[in-house]
1. Along the charge dipole of region 2-132, which of Q108, A37, N83 sits closest to the positive end, that is, farthest toward it, with unit charges on the beta carbon of Lys, Arg, Asp and Glu (+1, +1, -1, -1)?
2. How large is the charge dipole for region 5-47, taken about the Cα centre, if only the Cβ atoms of Lys, Arg (+1) and Asp, Glu (-1) carry charge, to the nearest 20 debye?
3. Within the set of other residues whose C-beta is less than 13 Å from the C-beta of Y81, count the net charge using Lys and Arg as +1 and Asp and Glu as -1.
4. Test of understanding: what is the full-extension gain from D9 to E67, defined as 0.36 nm times their sequence separation minus their Cα-Cα distance?
5. Once the piece of chain linking R44 and E133 is laid out straight, how much longer is it, given 0.36 nm per residue of separation minus the C-alpha distance between them?
6. Taking every pair of alpha-carbon atoms in the chain, what share in percent sits in each 5 Å bin, from 0 to the bin with the longest distance?
7. Quick one: helix 75-84 against the long Cα principal axis of the chain, what's the angle to the nearest 10°, folded into 0 to 90?
8. Please work out the FRET efficiency for the pair A142 and I25, using the Cβ-Cβ distance as r and a Förster radius of 25 Å; give the result to the nearest 0.05.
Amino acid sequence: MAKLTKRADGRYQRRVTLSDGTSKIVYGRTIATLKTAEDNLRERDRQGLPTVDKHILVGEWAKQWLENYKSSLRTGTVETYCNAYNNHIMDIIGGMAVEDVKPVHIRQVMRACASKSESLQHKVLITCKQLFETARLNHIIATTPCDGIKTTKQ
């Protein structure tokens, strides 16, 4: 088992090696919470579930989101999500960490497509909302930056 380390910020950390040979560092404010985080990571690995880095970029999360949450939908629906992301979201926030995206960034995305149809704006906003809501459900972020964001009336 990897060495337990206490960080300068008071948290404990330990490196966990996964079945595919990669390793992840888990953190906890107490040894008990660290142990719980280790157990959860090992259980997800044992079940073959993807491990999600808390500092994942929006672009990387979008790929996982499409693959794990949207791949069973009709081809046209998946293409709608891909087009909304690739054409309107990626250039503005794709390179940011999911946890760093704030409502102001979502407003930038929506402002960039404000001159487009309400239907397109709705597709872009729905894509953002679902992308960040699933990130919230996966404990990557505590709140979604899309709350209160609306489309522009034409």
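FYI, it's all coordinate maths here, none of it is from the lab. All values derive from a computational prediction rather than experimental measurement. Cβ sites come from the backbone with ideal geometry, for glycine too, and all protein chains shown count toward neighbours.
1. Of Q108, A37, N83, it is A37.
2. The calculation lands at about 200 debye.
3. Around Y81, the charge tally is +3.
4. Extra length from D9 to E67 when fully extended: 17.3 nm.
5. That pair, R44 and E133, stretches by 30.0 nm at full extension.
6. Once binned at 5 Å, the Cα pair distances of the chain give 2, 9, 16, 18, 16, 13, 10, 7, 6, 3, 1, 0, 0.
7. 90 degrees
8. Details: r = 20 Å, r/R0 = 0.81.
That pair, A142 with I25, gives E of 0.80.
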